[in-house]
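Each value in this text was obtained by applying a stated rule to the coordinates, not by laboratory testing. Everything quoted here is computed from the prediction, not taken from an experiment. Reconstructed Cβ throughout: ideal geometry from the backbone, glycine too, with neighbour counts over all protein chains shown.
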Amino acid sequence: MEHNPNIDWKLTIPGGCHWSGILRRGTTLRLTDIDGNANIAALFYNQEEKLERYNMADTLKAQHTFYLTQGHACYSDMGRIFLLYHCGFGGLARHSLWSK
């Protein structure tokens, strides 16, 4: 994965808050857990086709996997590649939180 140090926009979102925006083709969205125990709930929709959205079930079935890793594609509910997966989008949590 190529690292691009140029950041066009940076935002810190406090826990319990939300953000909404439009990401154009070729844009990279990087989500970073700065405190070490965060999770994210995300919805991705196609701006031009409002009925088309990211579909986790189709993403996993189409690639015969149950866990996304780098290089997987994320599919929409219309069977099109919606975004490319590069990191731990499947859920973030500190081991100490879920090992108890």
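Results, tabulated for the structure shown:
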| quantity | calculated |
| --- | --- |
| Highest to lowest packing among 27-35, 47-55, scored as the average C-beta count within 10 Å | 47-55, 27-35 |
| Potential lengthening between L11 and T32 on full extension [0.36 nm per residue; Cα-Cα distance subtracted] | 6.5 nm |
| For peptides 70-77, 59-66, 9-16, sequence by mean Cβ density within 10 Å, most packed first | 70-77, 59-66, 9-16 |
| Cα gyration tensor, the range 1-75 - rounded (a/c under 1.5), prolate or oblate | rounded |
